[in-house]
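First the structure, then my questions, so here it is.
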Number of protein chains: 2
Amino acid sequence: MRRIKIKGCAAALPDAGKIRFGSQTRYRLRNGQTLLDLAERAAKGALCDSGLDINEIDLIIAGMATPLQAIPCNAALIHERIAKGTDIPAMDINTSCTSFITAFDMAAYLTDSGIYKNILIISGDTASAALNPEQKESYELFSDAAAAFVVSSTSEDSGVLYAAQKTWSEGVHDTEIRGGCALEPSFEMTEDNKDDYYFDMKGIRVLRLSAHNLPSFFSKSMKEAEMSFDDIALVVPHQASKALGYIMPKLGIRKEKYIDRVRDYGNMISASVPFMLCAAIHEKMIKHGDNVMLTGTAAGLTCSILIFRY
Amino acid sequence: MRRIKIKGCAAALPDAGKIRFGSQTRYRLRNGQTLLDLAERAAKGALCDSGLDINEIDLIIAGMATPLQAIPCNAALIHERIAKGTDIPAMDINTSCTSFITAFDMAAYLTDSGIYKNILIISGDTASAALNPEQKESYELFSDAAAAFVVSSTSEDSGVLYAAQKTWSEGVHDTEIRGGCALEPSFEMTEDNKDDYYFDMKGIRVLRLSAHNLPSFFSKSMKEAEMSFDDIALVVPHQASKALGYIMPKLGIRKEKYIDRVRDYGNMISASVPFMLCAAIHEKMIKHGDNVMLTGTAAGLTCSILIFRY
């Protein structure tokens, strides 16, 4: 076990940003508010919840899917909001929608080593910056949100028991924003290729590739972890889409074992997992000593599984 | 010491991309070639140099400063070029120009744990995608390039002896590309704000903040590492600019101790450090058992110091 302890967490949604599509509630940034505002609020909330001061933080990790600017990294821009005047190191870790899981996994190597004591992880994305109103499937699915965790080294019996990630790049073009960065800069945008600068998701292809690869990945992982789902108190999945209710039973995860709030929040990209994990903690859905699974699929196509003892 | 062994490395420059500004040589992508072509060539070269096959790699890390697309992460796009059909996990680690140093440091936690055996790290950026011809200082400084390393777990006496990073976000807006991503999407580009979509560097401010913060960071680090520069065989610095010859003596690093090839290659962003480290290895500037320092400043303002036994 790589020891790591959750000290505090918080989430942030856009002010006055609630909208509805039929029965589905979504959140969108507006009125000049940016993801940095949400990241700042979530980070400060997590610090407050942990009882720690920013000066006690050894490292700031932005575990986000989308860049705020092409340069510098997101963590440096967040640093300016919450840690200006300090010399706390800042870095980005990115596996798209599963970035928080990867950041948490990496953080557990750092806290377990004893070299790092307290790490602040912030996730969140601005889905609304690139949603295409013409692609209803994605336009009505995503929300803007941020969530943050303070995690620490510990001598207690909590930590990462098992973690694994797979990337199948057959699906790399099934979820993408092709334009705006180095491969297709803003300067090259025309009326003809404008769609390249929007988020583009081929939902059916993602679902098909996931349904093909995930069952064997999950059964192999549970075997490697020497666990069954009876040993897991709660599964916190990425809130990818309404297909959650279709894919989870295929993996052997019963309805009462996992959180599904897609109807209430939609897909919050990298914020989904930490947002729901924080809700699980604050709503007392898990208690210390429980085994918790974080999992999700991400653009790539990537899938991550992480089991930790809370 | 966190054990890690360099198994192989390679670098890649654009085909027919050599240009000159006075005495300075630079490299730029052209004729439809992209950074993915360079990343692929560097990655395959590093694999070849290491004697390993892609199927022996446990993890692909893109340690790059700039996004190729807003989604997915760079590592997934590179995965398609070199690992399609496999399920090797892929992730990005980003601290701008020092991304390779951070990725190498993180990789050493992973190889030292024994959980990961062989990791492929690829760095590189497309400076030319955003250089502003009106800003001569940066336009004539940067090159497009890629470099890759295969690093492995080992029972030999090689590994990371010391690593530290600092981020001072007073300098966060001194080196940036503001536009193209979530904070200022391509759709918002007009003739008036077009400059925001170019790389923008305030060289004097970066230099002033570096000169202010680096000397104490270096002396503190050498003290923590319990070393003097006499214990270091070679310093491989980020090839930030011609100011290298000004800043290194201020840190107590003599001319014969460090690599300065800014004249021949310019600033290759995240590729600078691995490109020069690979050159040092292939040109036999270092031998096994030597202590080597990787260091550099990055947009943020970030500075990294890593000392490893080769």
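Look through the range B:22-43, keep the residues that are part of a helix (DSSP H, G or I) and touching a residue at least 60 places away in the same chain (Cβ under 8 Å), and return whichever of them is farthest from B:Leu120 (Cα to Cα).
At the first step, the residues of the range B:22-43 found to be part of a helix (DSSP H, G or I) are B:35-43.
From the residues that got through so far, the ones that are touching a residue at least 60 places away in the same chain (Cβ under 8 Å) too are B:35, B:38-39, B:41-43.
Values: B:Leu35: 17, B:Leu38: 15, B:Ala39: 11, B:Arg41: 13, B:Ala42: 10, B:Ala43: 7 Å.
Per the criteria, the residue is B:Leu35.
So the check is Cβ under 9 Å with 6+ separation or different chains; which pairs have a first residue in the range A:186-211 that's under 19 Å from A:Gln69 (Cα atoms) and a second one that's of a type in the set (Phe, Trp, Tyr) and surrounded by fewer than 19 Cβ atoms within 10 Å (Cβ to Cβ)?
Every condition considered, the pairs that remain are A:Ser186/B:Phe187; A:Met189/B:Phe187; A:Tyr197/B:Phe187; A:Tyr198/B:Phe187; A:Phe199/A:Tyr139.
Scan (1) within 26 Å of B:Met91 (Cα to Cα); (2) open to solvent by less than 20 Å² (accessible area, probe 1.4 Å); (3) more than 7 Å from chain B (Cβ to nearest Cβ) for the single condition A:Thr25 breaks and write down its number.
(1)
Another one. Is it true that some residue in the range B:252-270 is within 14 Å of chain A (Cβ to nearest Cβ), assigned to a helix (DSSP H, G or I) and surrounded by 18 or more Cβ atoms within 10 Å (Cβ to Cβ)?
yes
Is it true that some residue in the range B:59-68 is polar (S, T, N, Q) and more than 8 Å from chain A (Cβ to nearest Cβ)?
No.
Hey, among B:Asp260, B:Asp196, B:Asp231, which residue is touching a Gly at 6+ places or on another chain (Cβ under 6 Å) and at pLDDT 95 or above?
On the way: B:Asp260 fails: touching a Gly at 6+ places or on another chain (Cβ under 6 Å); B:Asp231 fails: touching a Gly at 6+ places or on another chain (Cβ under 6 Å).
On inspection, the qualifying residue turns out to be B:Asp196.
What is the residue count in the range B:143-154 for residues that are within 14 Å of another protein chain (Cβ to nearest Cβ) and open to solvent by 10 Å² or more (accessible area, probe 1.4 Å)?
Final tally of qualifying residues: 1.
Collect the residues in the range A:179-227 that are farther than 21 Å from B:Leu29 by Cβ, open to solvent by 50 Å² or more (accessible area, probe 1.4 Å) and of a type in the set (Ser, Thr, Tyr), keeping them in residue-number order. Before the answer, list the steps.
To start, the set of residues in the range A:179-227 that are farther than 21 Å from B:Leu29 by Cβ comprises A:191-192, A:194-195, A:198-227.
Those still in the list that are open to solvent by 50 Å² or more (accessible area, probe 1.4 Å) too: A:191-192, A:194-195, A:202, A:204-205, A:207-208, A:212, A:216, A:219-220, A:223-224, A:226.
A:Ser216, A:Ser219 - these are the residues of the range A:179-227 that are farther than 21 Å from B:Leu29 by Cβ, open to solvent by 50 Å² or more (accessible area, probe 1.4 Å) and of a type in the set (Ser, Thr, Tyr).
Further question on the same structure: Working only within the range A:112-149, note down all residues that are in contact (Cβ under 8 Å) with a residue 60 or more places away in the chain, within 24 Å of B:Arg2 (Cβ to Cβ) and not in a loop (DSSP other than H, G, I, E, B).
Once the filter is applied, which keeps residues that are in contact (Cβ under 8 Å) with a residue 60 or more places away in the chain, within 24 Å of B:Arg2 (Cβ to Cβ) and not in a loop (DSSP other than H, G, I, E, B), the range A:112-149 yields A:Asp112, A:Asn118, A:Ile119, A:Leu120, A:Ile121.
Against the condition under 20 Å from A:Arg20 (Cα atoms) and either assigned to a loop (DSSP other than H, G, I, E, B) or open to solvent by 20 Å² or more (accessible area, probe 1.4 Å) (or both), how does A:Ser241 come out, does it pass? Quick ask: steps written out before the conclusion?
Numbers: under 20 Å from A:Arg20 (Cα atoms): yes; either assigned to a loop (DSSP other than H, G, I, E, B) or open to solvent by 20 Å² or more (accessible area, probe 1.4 Å) (or both): yes.
Yes, satisfied.
Quick check on my filter: what residues within the range B:115-137 are under 22 Å from B:Gln33 (Cα atoms) and either surrounded by 24 or more Cβ atoms within 10 Å (Cβ to Cβ) or of a type in the set (Ser, Thr, Tyr) (or both)? Before the answer, list the steps.
Quick first cut of the range B:115-137, residues under 22 Å from B:Gln33 (Cα atoms) only: B:121-133.
B:Ile121, B:Ile122, B:Ser123, B:Gly124, B:Asp125, B:Thr126, B:Ala127, B:Ser128, B:Ala129, B:Ala130, listed by residue number.
Here's another thing I want to ask about it. From the list A:Glu176, A:Glu170, which residue is modelled with pLDDT of 95 or more and either open to solvent by less than 30 Å² (accessible area, probe 1.4 Å) or in a strand (DSSP E or B) (or both)? I'd like the intermediate steps shown before the answer.
Working: A:Glu170 fails: either open to solvent by less than 30 Å² (accessible area, probe 1.4 Å) or in a strand (DSSP E or B) (or both).
Selected residue: A:Glu176, the only one of A:Glu176, A:Glu170 that is modelled with pLDDT of 95 or more and either open to solvent by less than 30 Å² (accessible area, probe 1.4 Å) or in a strand (DSSP E or B) (or both).
Return the pair list, or none, for Cβ contacts closer than 9 Å from residues in the range A:70-95 that are facing chain B (nearest Cβ under 7 Å) and in a helix (DSSP H, G or I) to residues that are surrounded by fewer than 24 Cβ atoms within 10 Å (Cβ to Cβ) and among the polar types (S, T, N, Q), at least 6 apart or on different chains.
If the second residue must be surrounded by fewer than 24 Cβ atoms within 10 Å (Cβ to Cβ) and among the polar types (S, T, N, Q), the pairs left are A:His79/A:Thr86.
Residues being under 16 Å from B:Ala299 (Cα atoms) and crowded, with 24+ Cβ neighbours inside 10 Å: count how many of those fall in the range A:52-87.
Number satisfying all stated conditions: 16.
If you go through the range A:155-164 one residue at a time, do you hit one that is touching a strand residue (DSSP E or B) at 6+ places or on another chain (Cβ under 9 Å), buried (at least 24 other Cβ atoms within 10 Å of the Cβ) and within 11 Å of chain B (Cβ to nearest Cβ)?
As a first pass, look at the range A:155-164 and keep what is touching a strand residue (DSSP E or B) at 6+ places or on another chain (Cβ under 9 Å): A:155-164.
Restricting the remaining residues to those that are buried (at least 24 other Cβ atoms within 10 Å of the Cβ) gives none.
No: zero hits.
The values are calculated or read from the model by the stated rules, or taken from the named source; none is laboratory data. Treat the numbers as computed from the prediction; the structure is a model and nothing was measured. Neighbour counts run over all protein chains shown; Cβ positions are idealised from the backbone, glycine included. SASA here: full protein model, heavy atoms, side chains in, ligands and nucleic acids out. Shrake-Rupley method; radii C 1.70, N 1.55, O 1.52, S 1.80 Å.
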